[in-house]
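Trainee: The structure follows.
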Amino acid sequence: MIIKASASLRNDYTSISNLAKETKEPIYITKNGEGDLVLMSIEAYEQREQMLKMRERVLQAEQERLDGMPTFSIAQAKEKLRERINEM
């Protein structure tokens, strides 16, 4: 976990920005010794958002399976994908 004081962000933005980009980790910014903000690179943020969306889709699919929605074998799924590709 990377923790920096708000003064570091104010006084040395470039090095904080470079650190976020290099580590691809969130940087916790404190103000008066208390947690205040979390800073991360756009790349890390976008990757995190993609991961969260994927997890949401997986959880939704699992819930649908548990609710009794029909499931497909791998062969059936491949066939359905081929059919969709041929429709395009």
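Trainee: Put +1 on the Cβ of each Lys and Arg and -1 on the Cβ of each Asp and Glu in the chain; which of ALA75, ALA7, LEU39 then has its Cα farthest toward the positive end of the dipole?
Mentor: The listed residue farthest towards the positive side: ALA75.
Trainee: Please calculate the 1.4 Å probe accessible area of ASP36, with all protein chains present, and give it to the nearest 10 Å².
Mentor: Surface accessible to solvent at ASP36 totals approximately 80 Å².
Trainee: Then there's this: Round to a whole number: what % of the accessible area of the range 1-74 belongs to carbon and sulfur, probe 1.4 Å?
Mentor: 52 percent
Trainee: Now for a separate question. Based on Cβ point charges of +1 for Lys and Arg and -1 for Asp and Glu, what charge dipole magnitude is obtained for the chain about its Cα centre, in debye rounded to the nearest 20?
Mentor: Numbers: 14 positive and 15 negative charges, 27 e Å.
Here the chain has a charge dipole of around 140 debye.
Trainee: Looking at the chain, send over the antiparallel percent of its DSSP beta bridges, to the nearest 5.
Mentor: Values: 5 of 9 bridges.
If we restrict to bridges inside the chain, about 55 percent are antiparallel.
Trainee: What are the ³J(HN,Hα) values, in whole Hz, obtained from phi via the Karplus relation 6.51 cos²θ - 1.76 cosθ + 1.60 with θ = phi - 60°, for each residue of the range 58-74 in sequence order, with x given for Gly and Pro?
Mentor: Each residue's phi maps through the Karplus curve to give 5, 5, 5, 5, 5, 5, 4, 4, 5, 7, x, 4, x, 10, 10, 6, 4 Hz.
Trainee: Another question about this same structure. Using helices alone, I'd like the mean residue ellipticity at 222 nm for the chain: each DSSP H run of four-plus residues gives -39500 (n - 2.57), total over residue count, nearest 500. Can you show the working numbers first?
Mentor: Numbers: 4 runs with 56 residues, N = 88.
When only DSSP H runs of four or more count, the value is -20500 deg cm²/dmol.
Trainee: List the lysines whose Cα sits under 27 Å from the Cα of LYS53, skipping any in the same chain fewer than 8 residues away.
Mentor: LYS21, LYS24, LYS78, LYS80
The values are calculated or read from the model by the stated rules, or taken from the named source; none is laboratory data. Everything numeric in this text was worked out from a predicted model, so none of it was measured. Cβ coordinates were reconstructed from backbone atoms using ideal geometry, including for glycine residues, and neighbour counts include every protein chain displayed. Please note that ligands, DNA and RNA were not included when accessible areas were found on the heavy atoms of the full protein model with its side chains. Shrake-Rupley method; radii C 1.70, N 1.55, O 1.52, S 1.80 Å.
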